[in-house]
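The structure under discussion appears below in the form of structure tokens.
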Amino acid sequence: MAVKDFLDEQYSMIEDVKDTTFEYSNTTVVPLVSDSGLTYESGDTKKGKILESCVLFTDIRNSVELNKKHQTETMGKIYTAFTKGVLNVAAYYGGMVRNIIGDRVMVVFPSKDCHKNAVYCATAIGNIANFIDDVFKDVDFKCGIGVDYGEMHVIKVGVEKHSGENEENRNLVWIGKPA
């Protein structure tokens, strides 16, 4: 396919998305990408969900500088310990991990008791950071933690691929102030 034809297809796709109607239903449960109540659009009504809840974000502070200063193996161990610790703590407090990008983790909580669970989770993540700082004595380890509450619209985005890359090309987007 010629580049011009490919770009014409992309333009048509964008026009189609612009004309798409969105339909939302309320939920108190944190959706998964496999949720059948969420749909990809293609000329149809796109179905999404509305969740009013708490979101927690955490990331490693000064990770760029830490990567410059420490060996790749050391940083790999720190990323592993931090991510595993955050995932374990999130699960313990009922949070659902909905995004991991590099050193950043997004945790969304079911609506019921989300304030309490998010604060407890944030406190425990602070403990995980202290443990990492204690174990990796040559690394000045710190993390940032933020929690917010409010209404989020959740939609599926992505494209279908007929290869091993299919799952990596699909995800949920969280639209709203807390996200």
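The values are calculated or read from the model by the stated rules, or taken from the named source; none is laboratory data. Worth saying up front: this structure is predicted, and the values here are computed from it rather than measured. Backbone-built Cβ (ideal geometry, glycine too); neighbour counts: all protein chains shown. Ligands, DNA and RNA are stripped out before the accessible areas are found, and what is left, the full protein with its side chains, is counted by its heavy atoms. Shrake-Rupley method; radii C 1.70, N 1.55, O 1.52, S 1.80 Å.
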Surface accessible to a 1.4 Å probe, residue 163 within the full protein complex, Å² = 70 Å²
remark   = The extension gain from residue 34 to residue 120, computed as 0.36 nm times the residue separation minus the Cα-Cα distance, is 28.1 nm
message = Using a 4.7 Å cut-off between beta carbons, which cysteines in the chain end up with no partner cysteine at all?
response = 121, 143
inquiry  = Relative contact order for the range 79-146: what percent, with Cα pairs under 8 Å and sequence separation of 6 or more?
reply    = 28 percent
query = Of 84/161; 18/161; 49/177, which ones are farther than 26 Å apart at the Cα?
reply = 84/161
query = Sorted by average packing, counted as other Cβ atoms within 10 angstrom per residue and highest first, what order do 45-58, 129-142 take?
reply = 45-58, 129-142
message = Once neighbouring chains are kept in place and the probe is 1.4 Å, which whole percent of the accessible area of the chain is contributed by carbon and sulfur?
response = 53 percent
task = For Rg/Rh (Cα atoms, Kirkwood Rh), several values are listed as (i) 1.06; (ii) 0.94; (iii) 1.02; flag the one computed from this structure.
result = (i)
request  = Starting from the amide H of residue 142, placed 1.01 Å from N in the peptide plane, find each other amide H under 5 Å away whose residue is 5 or more places distant or on another chain.
outcome  = 61
query = Of the residues 33, 64, 97, which exhibits the maximal mean-square fluctuation in a Gaussian network model of the chain defined by a 10 Å Cα contact cut-off?
reply = 64
ask   = Normalised by the residues of the chain, what does the relative contact order come to in percent, with Cα pairs under 8 Å and at least six apart?
value = 26 percent
note = To the nearest Å², the heavy-atom accessible area per residue of the chain with 1.4 Å probe amounts to 61 Å²
query = Rg to Rh for the range 29-84: what is it, with Cα atoms only and Rh by Kirkwood?
reply = 1.24
ask   = Using a 1.4 angstrom probe and counting only protein chains, how large is the accessible area of residue 11 in Å², to 10?
value = 150 Å²
request  = Identify the residues of the range 84-108 with backbone N under 17 Å of a label point that sits 7 angstrom from the Cα of residue 62 along the Cα-to-Cβ direction, or state none.
outcome  = none
message = Suppose we keep just the alpha-carbon trace of the range 82-135; what are its Rg and Dmax in angstrom?
response = 10.9, 35
request  = Sticking with the crude label model, points 7 Å out along Cα→Cβ, report the distance from residue 173 to residue 157 in nm, one decimal please.
outcome  = 0.4 nm
request  = Note the full-extension length gain between residue 91 and residue 44 as 0.36 nm times their separation in residues minus their Cα-Cα distance, in nm to one decimal.
outcome  = 13.4 nm
Rounded to 10°, Cα long-axis angle of helix 3-18 versus longest principal axis of the chain = 90 degrees
